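In what follows, a single structure is set out as structure tokens and then discussed.
Only the coordinates and a few stated rules stand behind these numbers; no lab work does. Keep in mind it's a predicted model, so treat the numbers as computed, not measured. Here the Cβ positions follow ideal geometry from the backbone for every residue, glycine too, while neighbour counts run over all protein chains shown.
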Amino acid sequence: MVLRTTLALVLFNALAACGTPAHRDPGGPAYSTEAVAAESQRLNAWFERKFDEDVARNPMRQTFLGIKDRYGEWTDPSPAFEQAELEIQRANVAEMKAEFDFDKLDNQAQLSWRLAEYQLERAEAAAAFEGYEYTFNQMHGVQSAIPAFLINQHKVATLSDAEAYISRLQGVSAYLGQHVANARDSAARGIQPPSFVYDYVLSDARGVITGYPFSGAGDGADDSPLMDDFRAKTAALAANTTITEEQAADLNARAAEALLTSVGPAYEAAIAELVTQQLKATADDGIWKLPDGEAYYNMRLAQMTTTDMTADEIHQLGLDEVARIHAEMKAIMAQVGFEGSLQDFFAFMRTDPRFYKPNTPEGKAEYLAEAEAAIAKMKGDLPKLFNTFPKADMEVKAVEPFREKSAGKAFYSRPAPDGSRPGTYYANLYNMADMPTYQLEALAFHEGIPGHHMQIAIAQELEGIPSFRKYGGYTAFSEGWGLYSELAPKEMGYYADPYSDFGRLAMEIWRAARLVVDTGIHSKKWTREEAVKYLMDNTPNPPGDCQKAIDRYIVMPGQATAYKIGMLKIVELRERARTELGDAFDIREFHDIVLKDGAVPLAVLEETVDAWLASKKT
């Protein structure tokens, strides 16, 4: 299946099969190797300066990158800041065009130029819908993003790091307060999530301010999530003698004071606003209900997939893929000797206890151990798939209790560039009935190795490309790679157990069904209940999984369509390479070509692979 891809509809219309950039004038002057190298180096240095300037304005991004400048601050969440950032981006692209000669650049520098243009076009398109993204939602809403950031990203290795943590606690009042103002403004314009979302976010918000110092004893037994985290971090400093016990006690007291005077009141104000908004929220789930909702959804689809596919085309693609995967599932059903319909088999897979760990600490520990074992085994086989490997390590962790009720099923957090933090595969073990073991392998491969960790860690360790490309991303590429990484191990002999192979197909049909339900909800006006029923009828996933997934797609329109569309493009390009190269095809070389430029739009990936194929045949 061939997917139409685009780069802002205009940048890549002139791409030739040989990979000639759209801007290059084939009849233009020829430049010496030295001139090309000098201009490319000059542009790359300029990109680095601009990247550093961007990061310097964003304290939270600094922390994600392991930089401790402005370590006690939050990034300005105001619309004015976002508008100023867009103006800077416009000025930067204008400066790039005025100061550099595209035709004098090498291929990588030309690609960086084109991606800078593309990113500006994406930003311009999104700016037309300022305030449309739901500030408070159960997936990545600010109510849970604040504690998640402090707990997982704000590392405390020194006394000054702990001081910065307290400073951030003190800054929650202004930071969360601005987000509340943003949400209030959006609601006044008719932009707010459906009513069911508020129950999730209110539960999250109340959970952050439950326990000491807001309530409970002060002996640590009933600490709130942030107090518990801070106390553990100061205890570690005291244990390694970085600070004294007296200093730890003083820091803990100051943190408790900041929680009471800043965090608590800010969250109480947010809760009050959310309760008020919930009274006005409707049960309409799709973003078709928003002002210019259809245009917003079309923008989201283009941003997420980097294609110009319409909602109707994506919907039909999903239906076709679901039908194809159903046929493969029926073959496995016959292989294991199951008698009955495919829906009967789904019911069996949802309910047979052999496929589920107990919902106990021991059951959760067993699941994590088996996920770690699957990733460790794959690590040993990576040389069969790759020539290039990341330096950064990765770990497997359960989603923290404060956000596990509302968080997604699984996700990945990138490593710090300086090595201070490994990549992390988070598994949500809140309800073990939503984490069947027959999907354990595929899920670990997607989120960990050879999936997101390989792609993201390799990207940020690439040499010779600007940092904005190392740390940027395109959902269709990164999630397409993650889904492709579930398939690739099958060719190496993984999924030998037919139930595990069924789990792989279950994960794939889950992404195919997303094409149907996402467009169903946001374009065809399906209800939440209709979308859940479609997943229950067409996938083996348990009811809780189906409900949580639909709730996710409702608040993240278009995002879920990127996985299957990206995967199909990678598979399409791989099979093209197999056909054209025959015995000369090397899967390791293909994977290196796919990952060598970092995350890119699908049109660029296709161009890169075609250029590689042309070079192999000359």
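Before moving on, here are some points about what is shown:
- Label-to-label distance, nm, for residues given as Ala181 and Glu366 (7 Å Cα→Cβ offset): 5.3
- Applying 1/(1 + (r/R0)^6) with r as the Cβ-Cβ distance of Asn387 and Asp352 and R0 = 45 angstrom yields a FRET efficiency of 0.60.
- Beta bridges per DSSP with both ends in the chain, % antiparallel, nearest 5: 40
- Ranked packing of 485-496, 256-267, 506-517, most packed first, by mean Cβ within 10 Å: 506-517, 256-267, 485-496
- Were the residues from Ala128 through Arg576 laid out at 0.36 nm apart, the gain over their Cα-Cα distance would be 157.5 nm.
- The ranking of Ser195, Ser78, Ser224 by Cβ neighbour count inside 10 Å, starting from the fewest, reads Ser78, Ser195, Ser224.
- Sparsely packed trypsin sites (Lys or Arg not before Pro) within the stretch 360-463, loop by DSSP, other Cβ within 10 Å at most 13: Lys391
- Rounded, prolate or oblate (a/c below 1.5 giving rounded, otherwise prolate when a/b exceeds b/c) for the stretch 528-602 by Cα gyration tensor: prolate
- Spacing of the two label points (7 Å from each Cα toward its C-beta) at Arg49 and Asp592, in nm: 3.5
- Across all Cα atoms of the stretch 142-291, the radius of gyration (one decimal) and Dmax (whole number) stand at 17.7, 58 Å.
- Directionally averaged projected area (convex hull, Cα atoms, the stretch 275-333), nm²: 7.0
- Given R0 = 22 Å, the distance between the Cβ atoms of Glu395 and Lys490 translates into a calculated FRET efficiency of 0.30.
- Using just its DSSP H runs of length 4 or more, each adding -39500 (n - 2.57), the chain gives a mean residue ellipticity at 222 nm of -19500 deg cm²/dmol after division by all residues.
- Three-way shape label, the stretch 46-185, alpha-carbon gyration tensor, a/c 1.5: oblate
- Each of Tyr296, Tyr474 was scored by other Cβ atoms within 10 Å of its Cβ. Arranged with the fewest first, they read Tyr296, Tyr474.
- Burial ordering of Ile325, Ile570, fewest other beta-carbon atoms within 10 Å first: Ile325, Ile570
- Computed Rg/Rh of the stretch 185-251, alpha carbon atoms with Kirkwood Rh: 1.25
- Calculated P(r) tail over 26 Å for the stretch 242-369, as whole % of Cα pairs: 69
- Rounded to the nearest 20 debye, the dipole magnitude of the chain is 460 debye, with +1 charges on Lys and Arg beta carbons, -1 on Asp and Glu beta carbons, and the Cα centre as origin.
- In range of the label at Lys155: residues from the stretch 389-413 whose backbone nitrogen is under 14 Å from the point 7 Å along Cα→Cβ: 392-395
- Compared with the direct C-alpha span, the chain from Glu294 to Lys616 gains 111.5 nm at full extension, assuming 0.36 nm per residue.
- The mean sequence distance of close C-alpha pairs (under 8 Å, at least 6 residues apart), as a share of the length of the stretch 143-224, puts its relative contact order at 25 percent.
- The Stokes-Einstein estimate for the chain, based on a Kirkwood radius over Cα pairs and taken at 10 °C with 1.306 mPa s viscosity, is a diffusion coefficient of 61 µm²/s.
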